[in-house]
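No value in this document is a laboratory result; all are computed from the given coordinates. Quick caveat: nothing in here was measured; it's all calculated off a predicted structure. Here the Cβ is made from the backbone with ideal geometry for all residues, glycine too, and neighbour counts use every protein chain on show.
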Amino acid sequence: MIGYARVSLAKQAERGVSLEAQVEKIRAMATLQGAELVDVVVDGGESAKSLERPGLQRIMGMMDGREMDAVVVAKLDRLTRSVKDLADLLERFNRCGVALISISESLDTQSAAGRLVLNIMTAVSQWEREAIGERTRDAMRHKKSKGERVGNIPFGYQLSDDRKHVEPNPAEQAVLSRIRKLRAEGYTLRGIADKLNRGSMRNNITGTAPSNSNKPNRVIMFSPHRNTSGNA
């Protein structure tokens with residue numbers, strides 16, 4: 001049996017408080033199960049965002065070499081906070097015949113019940129993440145349908161007096177119309193940019209002539225009422 005402990009901040013690793021608590025729980029679990037705790041691998045000051053951690057990579061190497069039969073963690077998030085990474089780890093654990101034991105969640109994949117609970121937790125976490133994403137997208141679509149500002153204000157529009165909705169900016173709308181006209185006449189985006197620069201089109205934010213030759217492309221793409229039928 002191998003233990004794994006992790007803290008995300010270097011200061012925590014130096015103080016050792018959180019690490020000591022994790023190691024004590026791991027040792028207690030090994031004693032309770034009557035198992036030999038060969039080692040406790042520690043990742044100090046390492047984030048759970050990636051599996052590329054020295055200690056965890058060492059454990060995965062030991063798993064591949066069949067040097068252990070179980071990995072014990074004080075809490076599941078010490079191993080990873082990513083649903084995808086957890087699924088990948090569980091697949092690797094299963095392939096190597098290594099059990100995962102998480103003390104705080106009372107999980108032990110040595111049993112069918114433990115594997116079932118962990119799979120349910122993983123599915124619920126995935127559902128929660130996707131549900132949050134859906135609610136966010138729905139809220140953004142609702143705001144946009146009401147003409148409210150969502151993110152950066154596109155070229156051709158400005159904030160209205162209520163500071164929530166956007167309304168057409170006459171000067172910039174004239175520029176958009178000219179861009180569409182030039183595009184319909186067959187001008188390339190670079191050619192349109194050159195023509196507008198020669199005409200001293202002013203940037204809507206800085207008040208300076210734009211030097212970016214891709215400006216018309218960005219303007220056309222960002223306009224919420226752009227013509228998408230062909231000649232944008």
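Among the residues of the stretch 41-56, write down those that are assigned to a strand (DSSP E or B) and over 15 Å from Leu100 (Cβ atoms).
Val42, Asp43, Gly44
Looking at (1) within 23 Å of Ala5 (Cα to Cα); (2) under 28 Å from the mean Cα position of the chain (by Cα), can you tell me which one Arg135 breaks?
(1)
Give just the number: which of (1) in a loop (DSSP other than H, G, I, E, B); (2) more than 22 Å from Asp108 (Cβ to Cβ) does Arg66 not satisfy?
For Arg66, the exception is condition (2).
Against the definition (among the hydrophobic types (A, V, I, L, M, F, W, C) and part of a helix (DSSP H, G or I)), how does Leu116 come out, yes or no?
yes
Given the residues Val83, Val98, which is the only one that is out of contact with any Gly (no Cβ under 6 Å at 6 or more places or on another chain), buried (at least 17 other Cβ atoms within 10 Å of the Cβ) and free of Cβ contacts under 8 Å to residues at least 40 places away in the same chain?
Sole residue among the options that is out of contact with any Gly (no Cβ under 6 Å at 6 or more places or on another chain), buried (at least 17 other Cβ atoms within 10 Å of the Cβ) and free of Cβ contacts under 8 Å to residues at least 40 places away in the same chain: Val98.
Please go through the stretch 178-199 and pick out each residue that is surrounded by fewer than 16 Cβ atoms within 10 Å (Cβ to Cβ) and in contact with a Lys or Arg (Cβ under 9 Å, 6 or more places away or on another chain).
The answer is Lys195, Asn197, Gly199.
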